[in-house]
Amino acid sequence: AVLHTRIAPLQQCVSLYQELDQMESLIQEYVKHRPSAIHKQWFEFTPSLDENDFVSWLPGWLDAVLSLVSEERRQTTTIFGAERVPEIVIQVFRECFRPILKSFQSRLNSIYSSDPSSPKKGSLESVSAVYESMLQFLSLVYETIVGGWLDIIESGKLVAQAPQLYQELMKAFVFVASPFAEYQTSLSQLESKYLGEKLQEIAKEIQQTTMAVSGADTSLDVLQNVTDQLQELTTR
């Protein structure tokens, strides 16, 4: 049956599935359908040639996921009971990303390829900005999910399950961040190639400025810009 997020019908389903000893099947269906709006929002975004579009769009989508996770704490308590909250919230969080991870990785590679040997276009800095957004998001998700456990654990429930729940949450984080795995593996090579390309661009500007230095006064502004870029690179 297709599940809706209206509370009353779901509570009736819970009672029925408990009688039939089919609660796990109900939870699987619930988890599968809960993030449908999140998935729809992801695939409705149309990537453009401007890499900054995705970099700017992503934080808003991550905020929507965080809102769903926060809402899930409340709704799962009402529908399934407090003791099922931690496991179900983790499953819903994971399901938000499961169908979109290949698309996520593809969008990252369209910004800057994770393969050090491939021709390069775009900006590694933009991928880094996306990664920073993801780290901030995961930090907030951690606070939201773990915060929901405290009252349950302090009441004496779920104490034995706490280590396993923590491990499941960490596994979910690794799963969600998997589009960045190839970048992490090849980071030193990617940085070396990216900086090398930048230095080549700056060298060309220096050469052009040097040749034109006796010409227009505006060449001094170009030289200053080149100097600033070199200084920025050496401080990384």
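For segment 34-179, with every protein chain kept in place, what is the accessible area per residue (1.4 Å probe, Å²)? Please report the intermediate quantities before stating the final value.
Numbers: 7180 Å² over 146 residues.
Using a 1.4 Å probe on heavy atoms only, each residue of segment 34-179 averages 49 Å².
Quick check: Cα centre of segment 18-65 to Cα centre of segment 170-188, how many Å?
Spelled out, the Cα-based centre of one part sits 19 Å from the other.
Just to be sure I understand the model, the point goes 7 Å from the Cα along the line to the Cβ. What's the resulting residue 126 to residue 187 distance in nm?
A separation of 2.2 nm, rounded to one decimal place.
If I take R0 = 30 Å and measure r between the Cβ atoms of residue 67 and residue 171 in this structure, what FRET efficiency does the formula 1/(1 + (r/R0)^6) give, to the nearest 0.05?
Rounded to the nearest 0.05, the efficiency is 0.85.
If I compute solvent accessible area with a 1.4 Å probe over the protein chains, what percent of it on segment 42-196 is carbon and sulfur?
After summing per-atom areas, the C and S share lands at 54 percent.
Please report the Cα spread of segment 80-152 along all three principal axes, rounded to whole Å, starting with the longest.
If we take the Cα atoms of segment 80-152, the spans are 53, 22, 14 Å.
According to the Kirkwood expression over distinct Cα-Cα pairs, how big is the hydrodynamic radius of segment 15-59, in Å?
With all distinct Cα pairs of segment 15-59 included, I get 13.3 Å.
In nanometres, what is the gap between the two model label sites at residue 43 and residue 25, each 7 Å from Cα along Cα-to-Cβ?
About 2.6 nm separates the two model spin labels.
The values are calculated or read from the model by the stated rules, or taken from the named source; none is laboratory data. Since the model is a prediction, treat every value here as computed from it, not as a measurement. Backbone-built Cβ (ideal geometry, glycine too); neighbour counts: all protein chains shown. The protein model used for the area step is the full one, side chains on, heavy atoms only, and it has no ligands, DNA or RNA in it. Shrake-Rupley method; radii C 1.70, N 1.55, O 1.52, S 1.80 Å.
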